[in-house]
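Step one of this worksheet: look at the structure below.
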Amino acid sequence: MQILCPFAPHLAEEIWEATGGEGFCSMSAWPEYDEAKTIDATIEIGVQVNGKVRGAVEIPAEATKEEAIAAAKADAKVAALLEGKTIVKEIYVPKRIVNIVVR
């Protein structure tokens, strides 16, 4: 409503009053910015097998290397590609990507 007020002041004031706003919409204070509300609890990272993107998994933002690799291996597409193969190397770039090298 506060963003609408400069363009349609009468409509914004009516909506402000209908939603229980105190005083005038045009005279009210802007909401305060809170940095804590902008931080994501989970992130989505890509999963590669032999350097080719094979999927993506959602993990907690503060996940460890072991948790990220376990989540990547649990993905159905990745699990099918790993079946019957030997894992040579597991690479985790924090908050970005998991790469699994197989033979």
For helices (runs of 4 or more DSSP H) lying entirely in the chain, having 3 or more residues that are under 20 Å from the mean Cα position of the chain (by Cα) and not aromatic (Phe, Trp, Tyr) picks out 65-74
Exercise. Within the range 21-44, identify whether any single residue is free of Cβ contacts under 8 Å to residues at least 12 places away in the same chain, surrounded by 11 or more Cβ atoms within 10 Å (Cβ to Cβ) and touching a strand residue (DSSP E or B) at 6+ places or on another chain (Cβ under 6 Å), and answer yes or no.
Key: no
Condition set exposed (fewer than 14 other Cβ atoms within 10 Å of the Cβ) and small (Gly, Ala, Ser), scope the range 45-69, selection farthest from His10 (Cα to Cα): answer is Gly51
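Each reported figure results from applying straightforward, stated rules to the coordinates on display, with no laboratory input. Keep in mind that what you see is a predicted model, and the values were worked out from it rather than measured. FYI the Cβ positions are ideal-geometry reconstructions off the backbone, even for glycines, and counts take in every protein chain you see.
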